[in-house]
1. Among all residue pairs at least 6 apart or on different chains, which show Cβ distances below 9 Å where the first residue, located in the range 103-123, is touching a residue at least 60 places away in the same chain (Cβ under 8 Å) and the second is surrounded by 15 or more Cβ atoms within 10 Å (Cβ to Cβ) and β-branched (Val, Ile, Thr)?
2. Just to be sure I understand the filter: pairs with C-beta atoms under 7 Å, separated by 6 or more residues or on different chains, first member in the range 44-57 and under 20 Å from residue 100 (Cα atoms), second member assigned to a helix (DSSP H, G or I). Which pairs pass?
3. Scan the range 103-129 for residues that are out of contact with any helix residue (DSSP H, G or I) (no Cβ under 7 Å at 6 or more places or on another chain) and farther than 23 Å from residue 26 by Cα and jot them down.
4. Can you find a residue that is of a type outside the set (A, V, I, L, M), surrounded by 14 or more Cβ atoms within 10 Å (Cβ to Cβ) and outside any helix (DSSP H, G or I) anywhere in the range 81-103?
5. Check the range 108-116 and report whether any residue there is surrounded by 11 or more Cβ atoms within 10 Å (Cβ to Cβ), over 23 Å from residue 15 (Cβ atoms) and at pLDDT 85 or above.
6. Within the group 42, 53, which residue is at pLDDT 85 or above, more than 18 Å from the chain's Cα centre (by Cα) and in a helix (DSSP H, G or I)?
7. Quick one: in the range 15-39, of everything that is modelled with pLDDT of 70 or more, in a loop (DSSP other than H, G, I, E, B) and of a type outside the set (D, E, K, R), which residue is farthest from residue 99 (Cα to Cα)?
8. Just to be sure I understand, how many residues within the range 59-94 are over 23 Å from residue 35 (Cβ atoms), polar (S, T, N, Q) and at pLDDT 80 or above?
Amino acid sequence: MSEIKVYGLDSSLIHDADPKDGFVVDVVRFNDYVELEKKYQALVGENAAAIEAVRIFSNATEQLTEIIGDEIGMDGVSKLLHGFSIVGSMPATTQALNEIKAQGVDEFAAEMESITDIDSLGKTRKRIAHRFITLATKFAASLRGSHEIKS
C-alpha cells in the first residue's frame, strides 16, 4: 500500500458529538494504521543500528586518541570526539518518532473515551475504560517528555 486513505465521518452520525452541526472527523482503517506503525518501527530499528555504529566508531576513536593526538593535537581530538557524540545522540529524530508514537496513543485514548458513553457498557467496564484512558494519556505525555511514568 502506497497511501493511507483518510475518511471523513460526519459528526451528526456520532451519538455523543457536540455540536451536531455536521463537522467532519477524520478516520483511517485500523489495518492502514498498523502498516504505518510497522514502517515507523523499522525506522526506529534502523536508527538504533546507526546510533550503535556511531558509538562503536566513537569508542574505537577514543582508543586511538593518543595516536591521533600526536597528529592533530589534543584540542583537535576533543573537537572530533564532541562531533561524534552529537551525531550519535540524534535527539530530533528520537523526539519526532516519540511524537508519532504519542499521537497513536492519543488516538487510542480518544477511541476509549468514545466508548465510555455507551449505556450498555456497564459501570465496571466504564471504570476500566477510564483507567485505560488515564494510562494512555500519561504514556503519551511520557513519550513527549512532559510526564514521567512511575511503575
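1. Correct list of pairs: empty, since none qualify.
2. Between residues of the range 44-57 that are under 20 Å from residue 100 (Cα atoms) and residues that are assigned to a helix (DSSP H, G or I), the close pairs are 44/97; 47/93; 51/88.
3. 119, 120, 122, 123, 124, 125, 126, 127, 128, listed by residue number.
4. Within the range 81-103 (the criterion being of a type outside the set (A, V, I, L, M), surrounded by 14 or more Cβ atoms within 10 Å (Cβ to Cβ) and outside any helix (DSSP H, G or I)), the answer is no, since none of the residues qualifies.
5. Here is the first cut: in the range 108-116, the ones surrounded by 11 or more Cβ atoms within 10 Å (Cβ to Cβ) are 108-116.
Among the residues that remain, those that are also over 23 Å from residue 15 (Cβ atoms) are: none.
The answer is no; no qualifying residue exists.
6. Numbers: 42 fails: more than 18 Å from the chain's Cα centre (by Cα).
The match here is 53.
7. Quick first cut of the range 15-39, residues modelled with pLDDT of 70 or more only: 15-16, 26-39.
Going one step further and asking which of them are in a loop (DSSP other than H, G, I, E, B), we end up with 15-16, 28-29.
Next, only the ones that are of a type outside the set (D, E, K, R) stay: 15, 28.
Details: 15: 30, 28: 18 Å.
The qualifying residue farthest from residue 99 (Cα to Cα) is 15.
8. Residues of the range 59-94 that are over 23 Å from residue 35 (Cβ atoms), as a first pass: 59-92.
Subset that is polar (S, T, N, Q): 59, 61, 63, 65, 78, 85, 89.
Still in the list and also at pLDDT 80 or above: 59, 78.
Here the count works out to 2.
The values are calculated or read from the model by the stated rules, or taken from the named source; none is laboratory data. Note that the coordinates shown come from a computational prediction; the quantities given were computed from them, not determined experimentally. All Cβ positions, even for glycine, are placed from backbone atoms using ideal geometry, and neighbour counts span all protein chains on display.
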